[in-house]
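The next block holds one structure in the form of structure tokens; read it before the comments.
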Amino acid sequence: MACLAAVAGAEAAPLLFRRRLAPSPVAARRRLLVSCRARRRGVRTAAELPRKSTSNAKSHNRVNMQRDETSVSTDKERQEKHGDENGISNLQLEDLIRMIQNTEKNIMLLNQARLQALEHVEKILKEKEDLQGKIKSLETRLSETDARPKLSAEGQFSTEINDSPPVLELDDIKEENMLLKDDIQFLKTMLLEVADTENSIFTLEKERALLDASLRGLESRFIDAQADMLKPGPRQYDAWWEKVENLGDLLETATNKVENAAMVLGHNHDLEDKVDKLEASLAEANISKFSCYFVDLLQEKIKSVEERFQVCNHEMHSQIELYENSIAEFHDILSKLVEETEKRSLEHSASSMPSELWSRISLLIDGWLLEKRISYNDANTLREMVKKRDSCLREAYLSCRGMKDREIVDNFLQITLPGTSSGLHIVHIAAEMAPVAKVGGLADVISGLGKALQKKGHLVEIILPKYDCMQNDQVNNLKVLDVVVQSYFEGNLFNNKIWTGTVEGLPVYFIEPQHPAKFFWRAQYYGEHDDFKRFAYFSRAALELLYQSHKKIDIIHCHDWQTAFVAPLYWEAYANLGFNSARICFTCHNFEYQGAAPAQDLACCGLDVEQLDRADRMRDNSHGRINVVKGAIVYSNIVTTVSPTYALEVRSEGGRGLQDSLKLHSRKFVGILNGIDTDTWNPSTDRHLKVQYNANDLQGKAANKAALRKQLNLSSTNASQPLVGCVTRLVPQKGVHLIRHAIYKTAELGGQFVLLGSSPVPHIQREFEGIADHFQNNNNIRLLLKYDDSLSHWIYAASDMFIVPSMFEPCGLTQMIAMRYGSVPIVRQTGGLNDSVFDFDDETIPKELRNGFTFVHPDEKALSGAMERAFNYYNRKPEVWKQLVQKDMRIDFSWASSASQYEDIYQRAAARARAAA
């Protein structure tokens, strides 16, 4: 520790010593010349090595800091080696914590010394400018000296002049000018080459952008065409009504023609009557031959009129026939339209009904069964109708408003009909669910996967503990059932209140234990001394609830160690009671947490310790304790984790001792990458944002950035200054030392940094509180050491880059959310980060997949390289950066693909269960 402080002091001492002494002009000139030469060598080296900073002062400071960090790393290795030789078991825990805290304080001192060194460099540069002014004045004095008349003793005078300080200084200045000219010429050449390269890259990127735009246009037209073909939309109905309107016009035209024909017919009848009268009068009268001529002429005209009448009569009958045919065609088309509309209404009326209403119906049925108002057979029949989204059941539910409970039950029982369904009945048993009880990514998985499976036509239910600290306002129709479910624990039966409600449209059961220990009335979700017993109790009570409801379940999906008890409990305690139709799926979201405890603790939930405390059952592979995650791996029919890369990692050292068990059960083990809830995480509809936006219009993103800066009192002088975001839990897994380094690196690169998150580890929380205090007056850095869901949405929308430097990351959702909001991720290649983020400069990866910046080694140097590359693109190639942002926002990270993979393994497991039955 003392060695680190000495190094920091040794760097700062020369700067302070130089300020106290008043060096002579000649000495100052010589030191300046030496400094300039050293910096010129640094400039040449920086120009030849890629991705190095062109700033001499910053490059010199970075070398010093890397030397410090190397010294720190060497000291730590020596300490670790010394600890290994003497045995780490001999150290006391308090001594270790004290040593870690002292090391962290020294690192903070080094960072402060680093900032002070930067300030001293700026002062040195200012002194350099002053010295250059003095050099100019000396050159003026030298020119005046040359203008003086030469003395007779020229040789002696020349010797004195050559030995005088101004002449020596002038020689140094000339030499320096020559070197500077060479350097300037070299830099100009390099700049020309860089400009040519950038022009070539810009031309290629422009061509790629045009090709991408054309491809997106074709894809959009193809999707629209598919939608028009597969799904009757408003356009088809508009076309139908256009046909109806055309038929109406044709009908009106035919009607007018018929009316005209009728008028002609009436006129002809009048003429015929007049002709008859005229013939009668001619027969009575005695007329002359001359009159007979007129009569014959008149008869010819009458004959002509009769012929015209026959033609009009034929035309009239043709129009009437056409009218009748049009009417018949109109009625046929109208009947078909009505029939098709009714058919589609019957087919889609159920699917158009909100999922939350079907969840309410499901909860209503289960409540009646538990309260013994309906029989098991009727309940199963009604559940099958819920799976099918039966329209009769929908009508019965909608018509029961204002009815009494008994009338509602009778109304439902009247429409019970036998039916079958291809959908599965899936029950998730978990400790979290967003947004009602959220700690980490598990909560988002439960709600996101549940809704995706529900959209695919499956009946999905969730069982959670009823925490006293959960968000009750996020539960719709929360109510307690008039029933008590008893469950076994530590040799006794305890009552449990059952609450029901809908969350995100999903039916949820909340179990409230009536146990004197008040297991879930602790004002927090995790972190209690008896967490093992708390969740063992919950797992047993959840299975008891399913058993007493007599549900025919296909899949029971449990998550993480908190509900890993479900797998051995189901097969050891409940399958023998006839509750054996379901198959168990277990998902481990993080193998860091395995639920290990003394073997005797397993007996609390009714499991046989002697039978399960075996190497092939639940005994931990590393010590003699019980491991419930291992028990779930052994007893489950399906075992999954949250990304393909993480599935590979945990079969080796990433398995935390369970790699052998995972290899043994590899046939049922698979990694499925999680998705995100694209309804919740949608910048075009997000109610938490100041301005909504999308990939086609990024002005809203800039507006959110400006609003966040104002809210956090960050500098708004430079609107294009890059903003780096980080939303995380501050635990070792997340790479806290790299997050700390990213804060200082962002400040060095001229950006802004916003951190949102807290730590359950006291010394980590205190460390970041110290960093927050250090940057309290800095208008470019803000550390918000808390959890705030609304603010996290805002940070995703406002940030230009997003840091995820995890040591290991099973899946990670923040990088997907960041891309959804147009924040380019900077991540370490591990776990799910490796499956979702692909480096923008990696030519081995197709261009269309490159979406961020990655690094491999978990150290500061690797992270700095990735950040420098990202800042370089942001500052120097804004058009390329904009295209990258838009591409990231269009990537589909929804649950659709993941849910399809889960659906496939569910159905295969259910099919095997039916075959076994």
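The values are calculated or read from the model by the stated rules, or taken from the named source; none is laboratory data. Keep in mind that what you see is a predicted model, and the values were worked out from it rather than measured. Note that we place each Cβ from the backbone using ideal geometry, even for glycine, and neighbour counts take in every protein chain shown. Just the protein is used for accessible areas: all its heavy atoms, side chains included, with ligands, DNA and RNA removed. Shrake-Rupley method; radii C 1.70, N 1.55, O 1.52, S 1.80 Å.
Working from Cα pairs under 8 Å separated by at least six residues, relative contact order for the range 698-893 is 20 percent.
Which shape class applies to the range 357-416: rounded if a/c is under 1.5, otherwise prolate when a/b exceeds b/c and oblate if not, where a ≥ b ≥ c are the square roots of the Cα gyration tensor eigenvalues? In terms of gyration-tensor shape, rounded. Alpha carbon centre of the range 814-850 versus the range 542-613: separation in Å? So the separation of the two Cα centres works out to 37 Å.
When you count the other C-beta atoms within 10 angstrom of each residue and take the mean per peptide, 774-785, 539-550, 730-741 line up highest first as 539-550, 730-741, 774-785. Evaluating 6.51 cos²θ - 1.76 cosθ + 1.60 at θ = phi - 60° for every residue in the range 884-899, the Karplus couplings come out as 5, 4, 5, 5, 4, 5, 8, 5, 8, 10, 5, 7, 4, 5, 5, 5 Hz, glycine and proline recorded as x.
Heavy-atom surface analysis with a 1.4 Å probe gives the range 425-671 a carbon and sulfur content of 46 percent of its accessible area. The packing ranking of peptides 498-510, 659-671, highest mean first, is 498-510, 659-671, where packing means the average number of other beta carbon atoms within 10 angstrom of each residue. Placing pseudo-labels 7 Å out from each Cα toward the beta carbon at LYS123 and LEU398 gives an inter-label distance of 8.0 nm.
Net charge within 15 Å of THR640 by Cβ-Cβ distance, Lys/Arg positive one each and Asp/Glu negative one each, not counting THR640 itself? Please report the intermediate quantities before stating the final value.
Working: positive: ARG583, ARG651, ARG667, LYS668, ARG908; negative: ASP560, GLU649, ASP835, GLU903, ASP904.
Local charge sum for THR640: 0.
Distance between the 7 Å Cα→Cβ label points at LYS372 and GLN611: 3.0 nm.
If packing is taken as the average number of other Cβ atoms within 10 Å across a peptide's residues, how do 791-797, 825-831 rank, most packed first?
825-831, 791-797
Charge dipole of the range 698-893 (Cα centre as origin; +1 on each Lys and Arg Cβ, -1 on each Asp and Glu Cβ, all else neutral): 500 debye, rounded to the nearest 20. Shape verdict for the range 552-673, please, from the Cα gyration tensor: rounded (a/c under 1.5), prolate (a/b greater than b/c) or oblate. Oblate, because a/c is 1.5 or more while a/b does not exceed b/c. Summarising the amide proton neighbourhood of LYS497: residues at separation of 5 or more, or on other chains, whose placed amide H is nearer than 5 Å comprise GLU512, GLN514.
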